[in-house]
Amino acid sequence: MAEAVTNEGIVAKVKAFLATIPHNKITLRDLLNYPKTPVNNFIALLTVLFLAFFVIGVGNYLIHGHEAYGVTREHPWGLLIAVYIFFVVSSTGLCIVGSLGDVFGFKDFEVISKRAIFGSIVTILSGFAVIAFEIGHPIRMLIWNVLTPGLRSAIWWMGTLYGLYLTFMIIEFVFLLKHDMRRAKIFGLIGLLVGLAAHSNLGGVFGFLNTRLISQGVFYPTYFILTAFITGIYLAFIMMGFRYRLNFPENIRKMLVGLAKIQGLLLAILMFFETWKMMTAIYGGVPGRSDVAEHILTTWPFWAEVLFGMLIPFLIILKSKGQNVTGMFWGSLIGMVGIFFMRYDLVHDTQLKPLQMMETRVYQLPPEWVHYTPSVTEIMISLGGLGICILLYYIGTKLFNLDADTEH
């Protein structure tokens with residue numbers, strides 16, 4: 001009886017706390033009530049289609065298992081890994097953007113804090129939804145992650161740190177909604193530090209691949225943080241562009257100009273990083289490194305990554321000195337296409353070179369590049385993750401006030 005009373009008391013306290021979180025009461029009719037413009041109708045139709053793809057893809061996976069995917073023993077990491085990285089990178093980037101205002105106290109950026117932090121929650125949840133159907137046994141993973149922690153495993157640390165990061169982001173968002181800026185700053189700072197640790201650790205997963213010379217080393221832990229910030233700024237422009245329909249108030253425009261200038265610097269650094277990465281990879285002719293790097297330079301996804309993810313947005317910023325925020329909205333849409341190829345290339349290029357365990361001429365044919373084509377199921381689940389992201393974000397815009405509060 002005492003246990004029942006205690007449990008009821010805990011539930012009552014949780015309900016009482018949740019009731020204090022500012023939110024709007026919404027119904028299904030409210031969700032369906034949006035401006036029926038051609039763009040909005042297209043996005044709504046696309047979202048429903050992507051969600052249907054997700055259901056079909058997951059159903060096919062549950063029936064056939066990993067046989068439904070295009071991965072092989074030679075290429076065990078596929079599209080779902082790349083999409084998971086795409087979402088968690090986006091989450092960390094939005095966390096950094098949101099922290100500029102409420103954690104570091106830059107007043108111009110406070111107008112995007114709530115929206116960016118909510119976006120970081122939505123994107124990481126979408127990433128978890130995708131990766132859940134790649135790791136095989138997500139429930140078992142959660143149980144044994146706690147019972148038998150692998151402290152020497154980078155992937156264990158990745159899952160643990162991202163779980164903590166999500167928790168702190170939710171707490172920070174709640175305090176932002178309650179206008180408790182002191183606590184929001186504390187949990188925001190903790191969440192940011194944990195998120196950066198998780199994200200650099202994710203880069204370490206690739207850096208620790210000693211048999212994959214093209215990835216092994218210290219480059220990726222720092223590269224992941226840099227590209228996360230770049231991705232977060234792209235998403236900030238996209239979110240604000242849709243929120244204000246490209247008709248930005250002066251304070252929003254001022255904030256976006258500041259982000260554009262930061263983005264210009266970050267893209268310049270990224271291009272500098274990428275140039276030296278490829279040059280040092282090719283130099284010396286080390287097998288498994290230089291030949292892979294030279295092959296990468298001949299593939300169109302790499303140049304899509306460079307052109308869409310770096311060059312076009314950088315030139316837009318450079319031409320207007322960061323003042324063309326409308327141009328940067330379109331540049332950010334293009335940039336996110338490049339960011340996707342960046343994540344896909346990261347996963348695929350790591351596995352290009354087959355691992356040779358025997359003498360090539362005696363026991364097997366000369367090695368070729370490992371080929372991989374995502375299956376329809378993988379594509380459906382990946383697009384479904386995007387549909388989940390859009391849906392959750394849209395519900396959040398209805399349920400919470402994500403705009404800056406002028407009275408605070």
| message | Can you tell me which residue is nearest to THR397 (Cα to Cα) among those in segment 13-32 that are of a type in the set (Val, Ile, Thr) and in contact with a Leu (Cβ under 9 Å, 6 or more places away or on another chain)? | response | ILE26
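Report those helices (runs of 4 or more DSSP H) wholly inside segment 21-116 carrying at least 3 residues which are within 28 Å of ILE230 (Cβ to Cβ). Let's see the steps before the verdict.
Values: elements: 28-32, 38-64, 79-102.
Per the criteria, 38-64, 79-102.
Which residue is surrounded by the fewest Cβ atoms within 10 Å (Cβ to Cβ), if the candidates are limited to segment 319-332 and must be part of a helix (DSSP H, G or I) and out of contact with any helix residue (DSSP H, G or I) (no Cβ under 7 Å at 6 or more places or on another chain)? Full working, then the answer.
In the first step, residues of segment 319-332 are kept if they are part of a helix (DSSP H, G or I); the result is 319-320, 325-332.
Next cut, out of contact with any helix residue (DSSP H, G or I) (no Cβ under 7 Å at 6 or more places or on another chain) only: 319, 326, 330.
Values: LYS319: 11, THR326: 16, TRP330: 17.
Filtering segment 319-332 for residues that are part of a helix (DSSP H, G or I) and out of contact with any helix residue (DSSP H, G or I) (no Cβ under 7 Å at 6 or more places or on another chain), the one surrounded by the fewest Cβ atoms within 10 Å (Cβ to Cβ) comes out as LYS319.
For the subset of segment 21-75 comprising residues that are among the β-branched types (Val, Ile, Thr) and over 24 Å from SER375 (Cβ atoms), which member is nearest to the chain's Cα centre (by Cα)?
Within segment 21-75, the first condition is being among the β-branched types (Val, Ile, Thr), and the residues that meet it are 21, 26-27, 37, 39, 43, 47-48, 55-56, 58, 63, 71-72.
So of that shortlist, the ones also over 24 Å from SER375 (Cβ atoms) come out as 21, 26-27, 37, 39, 43.
Details: ILE21: 27, ILE26: 28, THR27: 29, THR37: 28, VAL39: 24, ILE43: 20 Å.
Only one residue fits best here, namely ILE43.
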| request: Would you be able to tell me the number of residues in segment 254-296 that are touching a helix residue (DSSP H, G or I) at 6+ places or on another chain (Cβ under 8 Å) and of a type in the set (Asp, Glu)? | output: 2
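Pick from segment 121-149 the residues that are of a type outside the set (A, V, I, L, M, F, W, C) and either under 12 Å from the mean Cα position of the chain (by Cα) or outside any loop (DSSP other than H, G, I, E, B) (or both): which of them is surrounded by the fewest Cβ atoms within 10 Å (Cβ to Cβ)?
Kept after step one, since they are of a type outside the set (A, V, I, L, M, F, W, C), are these residues of segment 121-149: 123, 126-127, 134, 136-138, 140, 145, 148-149.
Now restrict to residues that are either under 12 Å from the mean Cα position of the chain (by Cα) or outside any loop (DSSP other than H, G, I, E, B) (or both): 123, 126-127, 138, 140, 145.
Working: THR123: 28, SER126: 27, GLY127: 25, PRO138: 13, ARG140: 10, ASN145: 14.
Result: ARG140.
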| request: Mind counting the residues in segment 35-53 that are closer than 17 Å to ILE395 by Cβ, of a type in the set (Val, Ile, Thr) and exposed (fewer than 14 other Cβ atoms within 10 Å of the Cβ)? | output: 1
| said: Scan segment 229-241 and tell me whether some residue there is in contact (Cβ under 8 Å) with a residue 60 or more places away in the chain and out of contact with any helix residue (DSSP H, G or I) (no Cβ under 9 Å at 6 or more places or on another chain). | reply: no
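For segment 208-239, enumerate the residues that are among the small types (Gly, Ala, Ser) and over 19 Å from the mean Cα position of the chain (by Cα). Give the steps one after another, and end with the answer.
First, the residues of segment 208-239 that are among the small types (Gly, Ala, Ser): 215, 217, 228, 232, 236.
Correct list: SER215, GLY217.
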| query | Is there any pair linking a residue in segment 388-404 that is without any contact (Cβ under 8 Å) to a residue 24 or more places away in the chain to one that is charged (D, E, K, R) and assigned to a loop (DSSP other than H, G, I, E, B), with Cβ under 8 Å and at least six apart or on different chains, and which? | reply | none
| request: Can you run down the residue pairs with Cβ atoms below 7 Å, 6 or more apart or on separate chains, where the first is in segment 162-185 and under 16 Å from SER99 (Cβ atoms) and surrounded by fewer than 15 Cβ atoms within 10 Å (Cβ to Cβ) and the partner is modelled with pLDDT under 95 and among the basic types (Lys, Arg)? | output: none
| Out of (1) in contact (Cβ under 8 Å) with a residue 12 or more places away in the chain; (2) closer than 29 Å to PRO22 by Cβ, the odd one out for ILE155 is which? | (2)
| Single condition GLY70 does not satisfy, out of (1) touching a Ser or Thr at 6+ places or on another chain (Cβ under 6 Å); (2) surrounded by 23 or more Cβ atoms within 10 Å (Cβ to Cβ); (3) closer than 25 Å to MET336 by Cα | (2)
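For segment 188-204, which residues satisfy the criterion of being over 19 Å from TRP157 (Cα atoms) and either touching a Pro at 6+ places or on another chain (Cβ under 9 Å) or crowded, with 22+ Cβ neighbours inside 10 Å (or both)? Break it down stepwise before answering.
Our first condition is that a residue be over 19 Å from TRP157 (Cα atoms); within segment 188-204, this holds for 188-189.
Within segment 188-204, just GLY188 meets the criteria.
Only one residue in VAL337, VAL347, VAL286 is under 19 Å from the mean Cα position of the chain (by Cα), farther than 22 Å from MET240 by Cα and among the β-branched types (Val, Ile, Thr). Which one?
On the way: VAL337 fails: farther than 22 Å from MET240 by Cα; VAL286 fails: under 19 Å from the mean Cα position of the chain (by Cα).
Answer to the check: VAL347.
The values are calculated or read from the model by the stated rules, or taken from the named source; none is laboratory data. In this text the structure is predicted, and so the values were computed from the model without any measurement. Glycine gets a Cβ as well: all are built from the backbone with ideal geometry, and neighbour counts include every protein chain shown.
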